[in-house]
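Note sheet for the following structure.
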Amino acid sequence: MMNNNVLGTEFQKALDLGRPPTIKKLFPNSKALLVSGKFIDRAVLKKGRSICMAANGRNHFVIRGVLKAAQRASSVIIIEIAKSEGGADAYCAVNYWNIARQVDAVCNELGITVPVAIHADHYTIKKREDIEPARTEIPTLFEAGMTSIAIDASHLPEDENLLANLELSRYVPEWASLETEVGEIKGKEGLSTEEEALFQIQGLNAHDIFPDWIALNNGTTHGIEESDAGIQVGLTSRIHKAVEKYHVSGAQHGTSGNSSDRLRDIAQKTRTTKANVATALQMISWGLQVNDYGNAQQDKDGNFIKLEGEGVTEDMWHKMKAYAEEKGLKGGNYKKLNLPFENRLLGQPREIRERMIKRVEDFVFHMLVDVFNAEDTAPIALDAILEAGSCDPGPKVGRMDDPAEWTADKIREKARAFSGGKR
C-alpha cells in the first residue's frame, strides 16, 4: 500500500509536478494526488491486461469506499459522475461541481495517496443546440476540479458527432484526458463498427485531437442487466484493432450487468483501460443483495432484496421503498433516490455509515484485484508523473491524418458514403 512515509520525497515531487494548475489553485495545501486521466491510462497500459475502475460517485459513501479500496489495492482510480447524475438537472447530490471537492477532502482525511482522476462522464450532446451552452459549461467543470471529460455526442449522426467533438474539444485543457464515444449506449441504431470508430478517431487526429479513450456500443447497457447478452468481447477487440495505430484505449461502459468472467475477458483480450461501474456501487452501499459482479438481485415480484444488518437501516430502507412507490420508481430508476435521500443517509449513526462504506470498499477491492488486474498500478502512475516532470505526459501519438481531408464538408461527405446515404 502506498503511503506518505514510504514514498517521502517522491510523493511530494509527484504532488508538485503532477497536479494540474486548476487543482493547485483549488486545493493549494492538499496532499491528494488528483491528476489527469492520462496518467491513469498509461499506468494500466504499462502493467498490461489491466483496467482501471471508473467509479460513479453517486453518493458520498461510494466515494469513500472506492478510495479506501484503491488505497488498499495500491491501484490508480477514477471517480466520475455523468451529466444525467450530476449535471444541471441532476438526480444525485454529488455533482459536476462538487465531486472534486469531496474527493480531495476524503483523500486528505483518510491519507489516500494513490493517483486519482476526476472524470466528467457522458457530457452529452443530444442535438446541435446543446453545443452553444456547452462552450460555457465545460470550462466551469475544469474550474471546479475535473481532470478528465467524456464528450458524448453519440446520439447524433456520425458526422455531427465528430463535428461536435471537434468544436468542444477546444474547451478541454491540453493536460486533461479526453474520452470520445461512437454508437449510443443502449441506442436503437445497432452496435458500433470498426468503420465508425476509425472515422471518429481519424477525424479528430487530423485536427490534433488525440483522445485517450473511445467508448463503444458493444452490446452493453447501463443500469440493471436483464439478459446475459452483455458485452461482445470479440467485437470490442476488432474495433480496438482497427484504431490500434492511434494508440487510443477503450472505455467500457455498463459493467454492472456483466459477469466477472466476461470482464476478465475484456481486460485480457482488448485494449480497454477504463471500466465504468455505477449502479452496482449504489446498490451495494444501500445494503441490497447483489451477485458476485454487483448486479442487484430481485425477488419473484421484482422487488430488490435488502440484506438485514447491511447498508442503510431497515427503517431507512422502508422509507426509501415508500418514496419509490409514491413516485413510481422501479428497477434501475431507484437511482433517483440518491438526491432526496443523501442528507438522510448522512444523518444515520456512524456505525451504519461505516458499514455502508465498508461494503463498497470490499466489493471494489475484489473488482480491482481479482477482476480488473489493477493492483499495484499506483506506483507505475507515480513513476510516469515523475518521468513526465509535469501534469501532462503529452499525447500517445502525433498527427497522422491530413486536415485538408477532414474539413466540415468532407466529413459530411465521408459520413454519407459509409452510411449508405442514409442521413
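Confirm whether residue 302 is touching a helix residue (DSSP H, G or I) at 6+ places or on another chain (Cβ under 8 Å), modelled with pLDDT under 95 and farther than 30 Å from residue 269 by Cα.
Spelling it out, residue 302 is indeed touching a helix residue (DSSP H, G or I) at 6+ places or on another chain (Cβ under 8 Å), modelled with pLDDT under 95 and farther than 30 Å from residue 269 by Cα.
In this structure, does residue 396 turn out to be among the basic types (Lys, Arg) and more than 20 Å from residue 115 (Cα to Cα)?
Answer is no for this residue.
Filter the range 267-282 for residues that are buried (at least 24 other Cβ atoms within 10 Å of the Cβ) and in a helix (DSSP H, G or I) and give the result.
If the condition is that a residue be buried (at least 24 other Cβ atoms within 10 Å of the Cβ) and in a helix (DSSP H, G or I), then 279, 280, 281, 282 are the ones that fit.
Would it be correct to say that residue 310 is among the charged types (D, E, K, R), closer than 13 Å to residue 59 by Cβ and surrounded by 14 or more Cβ atoms within 10 Å (Cβ to Cβ)?
So residue 310 fails the test.
Mind checking which residues of the range 300-320 are touching a residue at least 12 places away in the same chain (Cβ under 8 Å) and part of a helix (DSSP H, G or I)?
316, 317, 319, 320
Which residues, taken from the range 47-66, are within 22 Å of residue 260 (Cβ to Cβ) and hydrophobic (A, V, I, L, M, F, W, C)?
Within the range 47-66, 51, 52, 53, 54, 55, 62, 66 meet the criteria.
Among the residues of the range 388-403, are any assigned to a helix (DSSP H, G or I) and either touching a helix residue (DSSP H, G or I) at 6+ places or on another chain (Cβ under 6 Å) or surrounded by fewer than 12 Cβ atoms within 10 Å (Cβ to Cβ) (or both)?
So far as the range 388-403 goes, no, none of its residues is assigned to a helix (DSSP H, G or I) and either touching a helix residue (DSSP H, G or I) at 6+ places or on another chain (Cβ under 6 Å) or surrounded by fewer than 12 Cβ atoms within 10 Å (Cβ to Cβ) (or both).
May I ask you to verify whether residue 208 is surrounded by fewer than 17 Cβ atoms within 10 Å (Cβ to Cβ), at pLDDT 90 or above and in contact with a Lys or Arg (Cβ under 9 Å, 6 or more places away or on another chain)?
Considered against the rule, which asks whether it is surrounded by fewer than 17 Cβ atoms within 10 Å (Cβ to Cβ), at pLDDT 90 or above and in contact with a Lys or Arg (Cβ under 9 Å, 6 or more places away or on another chain), residue 208 comes out as yes.
Hey, could you check the range 247-261 for residues that are touching an Asp or Glu at 6+ places or on another chain (Cβ under 9 Å) and assigned to a helix (DSSP H, G or I) and say which is farthest from residue 120 (Cα to Cα)?
That would be 260.
Please verify whether residue 379 is surrounded by 15 or more Cβ atoms within 10 Å (Cβ to Cβ), out of contact with any helix residue (DSSP H, G or I) (no Cβ under 7 Å at 6 or more places or on another chain), assigned to a loop (DSSP other than H, G, I, E, B) and at negative phi, treating the condition exactly as stated.
The answer is no for residue 379.
Just one of (1) without any contact (Cβ under 8 Å) to a residue 24 or more places away in the chain; (2) of a type in the set (Val, Ile, Thr); (3) closer than 21 Å to residue 67 by Cβ trips up residue 112, so point out which.
Here residue 112 clears every test but (1).
So, residue 292, is that one on the phi < 0 side of the Ramachandran plot, outside any helix (DSSP H, G or I), modelled with pLDDT under 95 and not basic (Lys, Arg) or not?
For residue 292, the condition - on the phi < 0 side of the Ramachandran plot, outside any helix (DSSP H, G or I), modelled with pLDDT under 95 and not basic (Lys, Arg) - is met.
Answer yes or no: is there a residue in the range 341-358 that is part of a loop (DSSP other than H, G, I, E, B), under 30 Å from residue 112 (Cα atoms) and of a type outside the set (Gly, Ala, Ser). I'd like the intermediate steps shown before the answer.
First pass over the range 341-358, keeping only residues part of a loop (DSSP other than H, G, I, E, B): 347-349.
Filter once more, so that each one left must be under 30 Å from residue 112 (Cα atoms): 347-349.
Applying the additional criterion that residues be of a type outside the set (Gly, Ala, Ser) yields 348-349.
Looking for residues that are part of a loop (DSSP other than H, G, I, E, B), under 30 Å from residue 112 (Cα atoms) and of a type outside the set (Gly, Ala, Ser), one finds at least one in the range 341-358, hence yes.
So which helices (runs of 4 or more DSSP H) are wholly in the range 1-111 and hold at least 1 residues that are surrounded by fewer than 24 Cβ atoms within 10 Å (Cβ to Cβ), among the acidic types (Asp, Glu) and touching a helix residue (DSSP H, G or I) at 6+ places or on another chain (Cβ under 8 Å)?
Those helices (runs of 4 or more DSSP H) span 9-18, 99-110.
The values are calculated or read from the model by the stated rules, or taken from the named source; none is laboratory data. None of the values given here were measured: they were computed from a predicted structure. All Cβ positions, glycine included, derive from the backbone under ideal geometry; neighbour counts span all protein chains shown.
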